[in-house]
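> Structure provided below as structure tokens; questions to follow.
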Amino acid sequence: MAETSTGLEIGAPAPVSPQMLGVDGRTHTLEEFGDAKALVVVFIGNGCPTVRAYGDRLKDLYERYSEIGAQFVAVNSNNPHLSPFDTHGEMVARASEEGLPFPYLKDEDGSLARAFGAVSTPHAFVFDRDRRLRYRGRIDDARIPESVTKRDLEEAVGALLEGRRPPVEATDPFGCSIIW
């Protein structure tokens with residue numbers, strides 16, 4: 001599939017992160033995850049059916065790759081005034097309900113999403129140890145797990161942790177538009 005979306009260029013450094021409130025009640029930045037061999041940032045939204053379809057797959061990727069050096073972080077950049085499902089309180093409830101094992105942070109003004117060039121939820125970005133972008137795009141090629149034929153995010157993370165370049169560096173994400 002040809003990649004047509006715009007955004008942070010492959011090889012670009014990770015943008016400086018704003019401080020974001022996590023579902024744990026603490027303030028975080030992406031820079032605090034500097035020790036990870038790979039940093040996986042996935043923009044998600046609570047009300048998006050596509051994001052909900054990917055919940056178990058994201059948790060599975062976290063379980064498989066966090067022990068060998070990948071740090072996963074979910075970020076919600078949706079405007080809570082226009083999308084009541086995306087308030088910090090709703091994020092806390094969802095994280096608890098679904099047992100999200102990774103940090104889930106609120107990008108209150110959407111500045112991180114804009115800096116990354118995120119356009120939809122889910123939209124994944126993978127950075128290497130030096131925090132250079134090595135993959136951006138979809139998680140895989142099908143909303144329905146049984147229909148998946150390309151596991152782009154998994155392949156990108158696995159390659160980076162093995163010291164290789166991802167086989168595909170960019171794909172078009174699909175899902176729900178970020179609500180600015």
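The values are calculated or read from the model by the stated rules, or taken from the named source; none is laboratory data. In this text, all values refer to a predicted model and were calculated from it rather than measured experimentally. We place every Cβ from the backbone using ideal geometry, glycine too, and count neighbours over all the protein chains shown.
> Residues in region 77-100 that are in contact with a strand residue (DSSP E or B) (Cβ under 9 Å, 6 or more places away or on another chain) and outside any helix (DSSP H, G or I): how many?
Matching residues across region 77-100 total 5.
> I'd like to check something: does region 38-56 contain any residue that is part of a loop (DSSP other than H, G, I, E, B), more than 14 Å from the chain's Cα centre (by Cα) and more than 17 Å from residue 97 (Cα to Cα)?
Scanning region 38-56 turns up no residue that is part of a loop (DSSP other than H, G, I, E, B), more than 14 Å from the chain's Cα centre (by Cα) and more than 17 Å from residue 97 (Cα to Cα).
> Could I ask something else about it? Condition first: part of a helix (DSSP H, G or I), among the hydrophobic types (A, V, I, L, M, F, W, C) and surrounded by fewer than 19 Cβ atoms within 10 Å (Cβ to Cβ). Now tell me which residues in region 14-32 satisfy that.
Once the filter is applied, which keeps residues that are part of a helix (DSSP H, G or I), among the hydrophobic types (A, V, I, L, M, F, W, C) and surrounded by fewer than 19 Cβ atoms within 10 Å (Cβ to Cβ), region 14-32 yields nothing.
> On the basis of being on the phi < 0 side of the Ramachandran plot, over 15 Å from the mean Cα position of the chain (by Cα) and not in a loop (DSSP other than H, G, I, E, B), does residue 67 make the cut?
Spelling it out, residue 67 is indeed on the phi < 0 side of the Ramachandran plot, over 15 Å from the mean Cα position of the chain (by Cα) and not in a loop (DSSP other than H, G, I, E, B).
> So, one more: Can you tell me which residue is nearest to the chain's Cα centre (by Cα) among those in region 152-169 that are surrounded by fewer than 23 Cβ atoms within 10 Å (Cβ to Cβ) and either under 16 Å from residue 55 (Cβ atoms) or aliphatic (A, V, I, L, M) (or both)?
154
> Where the second residue is of a type in the set (Asp, Glu) and the first is over 18 Å from residue 117 (Cβ atoms) and lies in region 27-54, which pairs have Cβ atoms under 6 Å and are six or more apart or on separate chains?
46/86; 46/90
> Okay, next question. Pairs under 7 Å by beta carbon, first residue within 17 Å of residue 33 (Cα to Cα) in region 60-71, partner aromatic (Phe, Trp, Tyr), six or more apart or different chains?
Filtered contacts from region 60-71: 62/72; 62/102; 66/72; 71/33.
> For region 6-36, what are the residues that are under 16 Å from the mean Cα position of the chain (by Cα) and among the polar types (S, T, N, Q)?
17, 29
> Looking only at region 70-108, how many residues end up being within 14 Å of the chain's Cα centre (by Cα), surrounded by fewer than 19 Cβ atoms within 10 Å (Cβ to Cβ) and closer than 10 Å to residue 46 by Cα?
Qualifying residue count, region 70-108: 0.
> Checking the structure you have, find out if any residue of region 102-121 is farther than 21 Å from residue 37 by Cβ, at pLDDT below 95 and not small (Gly, Ala, Ser).
Scanning region 102-121, I find at least one residue that is farther than 21 Å from residue 37 by Cβ, at pLDDT below 95 and not small (Gly, Ala, Ser), so the answer is yes.
> Could you list, in sequence order, the residues of region 109-134 that are surrounded by fewer than 23 Cβ atoms within 10 Å (Cβ to Cβ) and assigned to a loop (DSSP other than H, G, I, E, B)?
109, 110, 117, 119, 128, 129, 130, 131
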